[in-house]
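*Asks:* Once you've had a glance at the structure underneath, I'll fire off some questions.
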Amino acid sequence: MAKPKLNVVLVGAGGNMRGAHVPRILGDKRTKIVGVADPEEDHAKKLVERAGYEIPYFANWQAMLKNIESEGVIISTPHKHHNLQVKRSLEDGRHVLVEKPLVIHSKHANSLIQLASRVECLLMVAYQRHWMPEFIYARELIARGEIGEIKGVVGYVTQNWEGISGWRLDIELAGGGMFMDTGSHLVAAMLWVTGLRPKRVWATQDRSGHKVDINMVCNVSFDGGAIGSLTTVGNAGQHDERLVISGTKGALALHLHQWGVNSMLLNDESVDVPRRIRASSPDAAFFAAIRKGVDSVEPPDFAFQVAQLTEAAYKSANENKPISIRQPAKK
């Protein structure tokens with residue numbers, strides 16, 4: 001059976017949208033871009049050239065939503081704008097895929113997740129690791145008790161963050177630096193794979209002469225007694241990333257280098273991921289979920305936990321003291 005046709009509009013036409021999302025959209029032969037909004041028309045022209053077909057352009061994203069119908073909206077804009085753009089898109093009855101982090105403030109994350117549930121629309125955050133087979137299988141292994149009760153997590157991610165430019169170095173638009181942006185992948189993967197809920201955070205940051213953090217160390221205690229440490233290093237030469245989860249029965253380690261999974265070890269032995277688990281991408285998963293229905297994917301509750309931990313980390317670093325996180329009651 002042929003896949004149903006889908007129309008999507010794009011909010012933001014910067015390098016990430018052009019270089020990451022557009023190729024994934026083109027890979028789905030039954031999905032078409034029917035509108036693009038960006039205040040910089042030159043960005044949109046480059047996106048249209050990349051797509052290979054004419055796409056209506058709007059300088060204002062709200063005007064695009066008013067004039068162009070679509071099943072889905074893909075958002076890749078400065079973090080500050082995510083809350084309103086996601087909110088309006090959901091209120092318009094459209095499914096949303098938004099770049100990480102979902103929002104800067106945890107109260108907004110909670111509101112958006114609840115809104116998506118009320119209007120019965122998808123809300124997905126573009127965390128690639130959630131669609132990498134090794135991370136999916138790691139989550140399975142932990143859920144079935146292969147490493148026992150989790151006692152500790154250690155993770156780091158490095159990148160040449162000082163080599164970037166533009167809005168990501170603007171505290172007002174980005175909400176933070178390396179920890180808020182690339183570090184969000186590490187935080188989200190850790191929370192999603194383990195199911196841990198942060199309870200208390202104590203963080204230290206180094207801005208290295210910038211207005212946003214370049215390096216940060218974040219120590220976390222979790223409900224149930226587990227502890228952890230997450231480090232982001234933005235003045236490194238290249239990307240490297242590790243996540244180690246230790247439990248009463250063993251340890252699971254994931255290593256990425258230059259944005260690809262390098263190894264997965266369970267008690268220092270290489271793990272073979274079952275063939276039934278296949279690699280995907282946030283965009284492919286988004287399109288599949290629209291076609292299958294809202295109930296085909298879990299709500300992004302972990303994104304609220306990401307926002308809470310991140311918000312507490314910056315408060316802790318700025319005030320030089322530990323910050324407690326108040327968790328809502330489990331449903």
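The values are calculated or read from the model by the stated rules, or taken from the named source; none is laboratory data. Predicted, not measured: the structure shown is a model, and the values here were computed from it. Neighbour counts run over all protein chains shown; Cβ positions are idealised from the backbone, glycine included.
*Asks:* Output the residue which, of all residues in the stretch 238-282 that are charged (D, E, K, R) and either without any contact (Cβ under 8 Å) to a residue 12 or more places away in the chain or surrounded by fewer than 13 Cβ atoms within 10 Å (Cβ to Cβ) (or both), is nearest to ILE227 (Cα to Cα).
*Replies:* The residue in question is LYS249.
*Asks:* While we're here: Could you grab me the full set of residues in the stretch 87-111 that are among the hydrophobic types (A, V, I, L, M, F, W, C), within 15 Å of the chain's Cα centre (by Cα) and part of a helix (DSSP H, G or I)?
*Replies:* Within the stretch 87-111, ALA109 is the sole residue that qualifies.
*Asks:* Only one residue in SER117, SER106 is outside the structural domain of ASP272 (by TED's automatic domain parsing), of a type in the set (Ser, Thr, Tyr) and farther than 26 Å from VAL8 by Cβ. Which one?
*Replies:* Testing whether each residue is outside the structural domain of ASP272 (by TED's automatic domain parsing), of a type in the set (Ser, Thr, Tyr) and farther than 26 Å from VAL8 by Cβ leaves just SER106.
*Asks:* Just the residues that are over 16 Å from LEU97 (Cα atoms) and buried (at least 24 other Cβ atoms within 10 Å of the Cβ), please, taken from the stretch 1-43.
*Replies:* Within the stretch 1-43, ASP38 is the sole residue that qualifies.
*Asks:* Only one of these conditions is not met by SER280: (1) outside any helix (DSSP H, G or I); (2) in contact with a Phe, Trp or Tyr (Cβ under 7 Å, 6 or more places away or on another chain); (3) closer than 24 Å to ARG197 by Cα. Which number is it?
*Replies:* The one condition SER280 does not meet is (3).
*Asks:* Please count how many residues of the stretch 8-38 are part of a strand (DSSP E or B) and either outside the structural domain of SER89 (by TED's automatic domain parsing) or of a type in the set (Val, Ile, Thr) (or both).
*Replies:* Final tally of qualifying residues: 7.
*Asks:* If we scan the stretch 224-239, do we find a residue that is in contact with a helix residue (DSSP H, G or I) (Cβ under 6 Å, 6 or more places away or on another chain), β-branched (Val, Ile, Thr) and assigned by TED's automatic domain parsing to the domain that holds GLU162?
*Replies:* Within the stretch 224-239, one or more residues are in contact with a helix residue (DSSP H, G or I) (Cβ under 6 Å, 6 or more places away or on another chain), β-branched (Val, Ile, Thr) and assigned by TED's automatic domain parsing to the domain that holds GLU162.
*Asks:* Considering LEU252, LEU230, which residue is part of a strand (DSSP E or B), aliphatic (A, V, I, L, M), in contact with a Gly (Cβ under 9 Å, 6 or more places away or on another chain) and modelled with pLDDT of 95 or more?
*Replies:* Unique residue meeting the criteria: LEU230.
*Asks:* Restricting the search to the stretch 112-142, which residues are among the charged types (D, E, K, R) and within 20 Å of THR182 (Cβ to Cβ)?
*Replies:* Of everything in the stretch 112-142, those that are among the charged types (D, E, K, R) and within 20 Å of THR182 (Cβ to Cβ) turn out to be ARG129, GLU134.
*Asks:* Then there's this: Name the single residue, out of those in the stretch 182-216 being aliphatic (A, V, I, L, M) and not in a helix (DSSP H, G or I), that is nearest to MET132 (Cα to Cα).
*Replies:* Among those that are aliphatic (A, V, I, L, M) and not in a helix (DSSP H, G or I), it is LEU196.
*Asks:* Could you tell me which numbered condition GLU172 fails, if it satisfies all but one of (1) outside any helix (DSSP H, G or I); (2) surrounded by fewer than 24 Cβ atoms within 10 Å (Cβ to Cβ); (3) on the phi < 0 side of the Ramachandran plot?
*Replies:* Condition not satisfied by GLU172: (1).
*Asks:* Just checking, which of ALA138, ALA143 is of a type in the set (Gly, Ala, Ser) and touching a strand residue (DSSP E or B) at 6+ places or on another chain (Cβ under 7 Å)?
*Replies:* ALA138
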